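Data first, discussion second: the structure below is written as structure tokens.
A short reminder: the numbers here are calculations on the coordinates, not readings from a lab. If you're wondering where the values come from, they're calculated on a predicted model, not measured in any experiment. Ideal geometry is used to build each Cβ from the backbone, glycine not excepted, and the neighbour counts take in all protein chains shown.
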Amino acid sequence: MTEQRIVLVTGAGSGIGRATAERFAREGWRVVAIGRRAGKLAETAAALTAAGGLCETAPLDVAEPGAMAELATRVAAEHGRIDALVANAGIAYAREAALETTDEDWNETLRINLTGVHRSCTAVLPHMIARGAGAIVTVASIAGQVGMARRGSYGPSKAGVIGYTRNLAIDYAPHGIRANAVCPGFIETDINRASLAALPREEYAALVAKHPLGLGRPEDAAAAIFFLCSDDARWITGVDLSVDGGFTAW
Ligand SMILES: NC(=O)c1ccc[n+]([C@@H]2O[C@H](COP(=O)([O-])OP(=O)(O)OC[C@H]3O[C@@H](n4cnc5c(N)ncnc54)[C@H](OP(=O)(O)O)[C@@H]3O)[C@@H](O)[C@H]2O)c1
């Protein structure tokens, strides 16, 4: 069995997922970096290799039936362990209210953001149950904790992730498995760079001002994710942790 701990990180090719993968590598873990674009994963892999923490890259769609399960089975067979999963992959297609949300947007957002999390978690659970230990962190959003304008599909998908994670925490605690959701506030990444840039200056300023500590960085979310996967969080399960510079404190 591999001695180093192994974590699967979805959406590891950019943003919060890449920062998370790098954080785990720096902490001595080996990382399976997952995402659809091989080119972006290769960039992450270079950083992980430098830190001595690359396990492998896995270009796949987390919502595709069987894709995550096949990967997890292979990783568990090769290395004898899967210590943690960070179910971070997500999309935010459109910023629309319910009436403007198309079926295509609704279905694809739910498919990736919620079904993708479900498939990722059910892929690793049997292997964690077999070892009687494991930590899962899902990446939801403040948009799943509080109401927000024009989040017709994204908000419900993230609220679903929080509810899903609570249920995991209850059902799998007897197997030594913890499950928590991290809910970031606004962090400028690929997912929102264009929509943030398109905001009128006053709206952007108001959004920043809603975060008493200002906008965050991918590393801020990564720190919370790492903590929740670490032994320091051994008595924490079923929480949705806002990592939002105070956005939800108002
Ligand atoms: N940035 C924020 O302000 C913020 C706030 C709250 C929550 N979040 C959440 O944080 C998570 C990470 O987002 P980010 O901000 O880091 O944006 P990002 O840079 O766009 O990262 C999203 C990652 O998910 C991957 N991905 C998307 N669909 C996938 C699929 N079907 N299968 C596998 N990988 C997939 C993308 O890579 P590929 O396209 O190559 O697959 C990408 O690397 C998301 O769940 C997002 O909703 C972000």
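Under Stokes-Einstein, with the Kirkwood radius over Cα pairs as Rh, the value for the chain at 10 °C and 1.306 mPa s is 88 µm²/s. Each Lys and Arg adds +1 at its Cβ and each Asp and Glu adds -1 at its Cβ; summed about the Cα centre, the chain shows a dipole of about 300 debye. Ordered by the number of other Cβ atoms lying within 10 Å of each residue's own Cβ, fewest first, Leu48, Leu71, Leu60 fall into the sequence Leu60, Leu71, Leu48. Counting Cα-Cα pairs of the range 55-143 in 5 Å increments starting at 0 gives whole-percent bin shares of 3, 13, 22, 22, 15, 10, 7, 5, 2, 1. As I understand it, the value is the acute angle between the Cα axis of helix 15-26 and the longest principal axis of the Cα atoms of the chain; what does it come to in degrees, rounded to 10? With both axes taken from Cα atoms, the answer is about 30 degrees.
Among Tyr204, Val146, Trp29, which residue has its Cα positioned farthest towards the positive end of the charge dipole of the range 6-242, with +1 placed on the Cβ of Lys and Arg, -1 on the Cβ of Asp and Glu, and the dipole taken about the Cα centre? Farthest towards the positive pole: Trp29. Among Trp235, Trp106, Trp29, the order by Cβ neighbours within 10 angstrom, fewest to most, reads Trp235, Trp106, Trp29.
Taking other Cβ atoms within 10 Å as a rough exposure proxy, Met1, Met128, Met148, Met68 sort from fewest to most as Met1, Met148, Met128, Met68.
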